1. Could you please find all residues in region 105-162 being over 29 Å from the mean Cα position of the chain (by Cα), hydrophobic (A, V, I, L, M, F, W, C) and either exposed (fewer than 13 other Cβ atoms within 10 Å of the Cβ) or under 13 Å from Leu174 (Cβ atoms) (or both)?
2. Residues being of a type outside the set (A, V, I, L, M, F, W, C) and more than 13 Å from the ligand (Cβ to nearest atom): count how many of those fall in region 397-422.
3. Enumerate the strands (runs of 3 or more DSSP E) found wholly within region 268-365, keeping only those where 2 or more residues are crowded, with 17+ Cβ neighbours inside 10 Å and under 27 Å from the mean Cα position of the chain (by Cα).
4. Is there a residue in region 388-396 that is touching a Cys at 6+ places or on another chain (Cβ under 6 Å) and either under 23 Å from Arg262 (Cβ atoms) or within 11 Å of the ligand (Cβ to nearest atom) (or both)?
5. Pick from Ala372, Ala350: which is in contact (Cβ under 8 Å) with a residue 60 or more places away in the chain, of a type in the set (A, V, I, L, M) and within 13 Å of the ligand (Cβ to nearest atom)?
6. Restricting the search to region 236-267, which residues are under 12 Å from Val397 (Cα atoms), within 16 Å of the ligand (Cβ to nearest atom) and either surrounded by fewer than 15 Cβ atoms within 10 Å (Cβ to Cβ) or over 15 Å from the mean Cα position of the chain (by Cα) (or both)?
7. Does region 382-398 hold any residues that are in contact (Cβ under 8 Å) with a residue 40 or more places away in the chain and farther than 20 Å from Gly315 by Cβ, and which are they?
8. Evaluate region 44-59: report whether one residue or more is exposed (fewer than 11 other Cβ atoms within 10 Å of the Cβ), assigned by TED's automatic domain parsing to the domain that holds Glu201 and either at pLDDT below 60 or in contact with a helix residue (DSSP H, G or I) (Cβ under 7 Å, 6 or more places away or on another chain) (or both).
Amino acid sequence: MASSSPPSSSANQNTITNPSNLRPTTYDTWCGVAHGCTKKLGLKICGFLQRNNSLEDKSRIVSSFKERQSSKNLLVCENIETESRFRRTETDFSNLYARDLLPAKNGEEPTMQFLLEVVDILMNYVRKTFDRSTKVLDFHHPHQLLEGIEGFNLELSDNPESLEQILVDCRDTLKYGVRTGHPRFFNQLSTGLDMIGLAGEWLTSTANTNMFTYEIAPVFVLMEQITLRKMREIIGWNGKDGDGIFSPGGAISNMYSIMAARYKYFPDVKTKGMAAVPKLIIFTSEHSHYSMKKAGAALGFGTENVILIKCNERGKIIPADLEAKIIESKQKGHVPLYVNATAGTTVYGAFDPIDEIADICEKYNLWLHVDAAWGGGLLMSRRHRHKLNGIERADSVTWNPHKMMGVLLQCSAILLREKVII
Ligand SMILES: *Cc1c(COP(=O)(O)O)cnc(C)c1O
């Protein structure tokens with residue numbers, strides 16, 4: 001999925017032009033939901049969902065677009081003046097500064113010219129990104145960038161920079177970076193540059209709001225809830241009163257899952273701290289993501305209490321070794337708390353046998369987490385979903401749409417089967 005080409009059919013382009021009349025089919029509702037699930041998340045999910053759009057949906061979108069086009073043509077005549085407002089004109093940015101932009105008096109024209117210039121820079125970058133003949137990276141050593149090759153300058157000036165300098169900086173920032181959407185950029189986890197997602201980024205940045213409360217972000221807050229609910233349904237927790245939150249990344253999602261487990265079994269930890277609980281043990285495979293150990297350290301478990309379970313030659317957990325290590329730690333007087341099964345390990349891409357691990361968790365009354373940061377996208381594949389069989393038995397799931405689903409970075413969700421704490 002991550003390698004599928006970016007949306008290019010006319011139907012897809014039309015949806016960008018005309019999102020407002022596309023309701024309420026599966027894609028539309030979903031996309032509407034994804035538009036604002038959280039700041040910086042925005043439309044990212046849409047691009048992915050859009051690729052899964054059925055043909056029927058597409059033809060409907062095309063015809064509704066055509067309808068609107070004809071009515072729009074009439075409008076264009078009336079609105080020539082409005083349209084010309086968005087024309088780029090030759091502007092000297094060397095004497096313009098941030099203070100000349102909105103909300104400054106008469107700031108509208110310079111603001112528009114400045115932003116159109118920025119869009120031009122971004123569009124050039126996007127165009128080159130998909131051009132195979134360009135380089136993925138114009139590599140320079142750190143000292144070269146720091147010494148200011150070709151006028152590139154990262155130093156923070158004490159004086160205001162002209163808008164011209166800021167435009168040059170925008171161009172340079174992209175020039176010396178890695179083109180992660182390039183067809184020759186290969187990365188095991190995330191790649192691509194989704195156009196709908198990009199539009200969403202612009203939108204959420206323009207809205208520039210927080211996700212604290214309904215009061216400050218009414219639309220985004222509702223969208224987040226509905227998007228998370230849909231993700232829980234896809235996991236298979238239908239009808240349950242679950243919970244979840246978008247987090248800064250898979251590592252943090254994994255950490256939240258351990259916090260939820262600890263709170264569920266030992267609620268006193270919240271007020272009394274780790275001194276009030278016995279020695280708690282976390283189990284995860286030797287091929288699992290390093291964030292499990294890191295969470296063990298950060299949450300006061302201690303890395304020695306994050307026990308690594310052996311994997312077979314294909315990188316999957318050996319359930320018998322898990323059970324043996326649970327029994328061993330109980331014999332030492334420790335308290336097994338939590339098991340992490342990985343759906344798509346970071347290096348091998350292995351899928352732990354979730355059903356067998358869930359049996360063991362039920363037997364010993366342990367929290368089951370599935371780290372599907374990478375493999376979670378397969379939940380939406382008819383052909384590959386079976387690799388995650390048993391995931392509906394988990395108590396929590398980490399799922400990063402910014403990986404296999406090609407949603408723009410960062411987009412990670414921690415999903416909980418029951419409403420616990422977060
Ligand atoms: C990538 C990954 C993570 C960490 O996700 P980030 O968003 O990079 O923090 C955790 N677990 C697995 C299995 C991963 O592939």
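1. Phe152, Leu156
2. 4
3. Filter on region 268-365 gives 280-285, 335-342.
4. Looking through region 388-396, none of the residues is touching a Cys at 6+ places or on another chain (Cβ under 6 Å) and either under 23 Å from Arg262 (Cβ atoms) or within 11 Å of the ligand (Cβ to nearest atom) (or both).
5. Ala350
6. Of everything in region 236-267, those that are under 12 Å from Val397 (Cα atoms), within 16 Å of the ligand (Cβ to nearest atom) and either surrounded by fewer than 15 Cβ atoms within 10 Å (Cβ to Cβ) or over 15 Å from the mean Cα position of the chain (by Cα) (or both) turn out to be Met255, Tyr256, Ser257, Ile258.
7. Hits for region 382-398 are Glu392, Asp395, Ser396.
8. Yes.
The values are calculated or read from the model by the stated rules, or taken from the named source; none is laboratory data. Bear in mind the structure is a predicted one, so any value in this text is a computation, not a measurement. Heads up, the Cβs are rebuilt from the backbone with ideal geometry, glycines too, and the neighbour counts pull from every protein chain shown.
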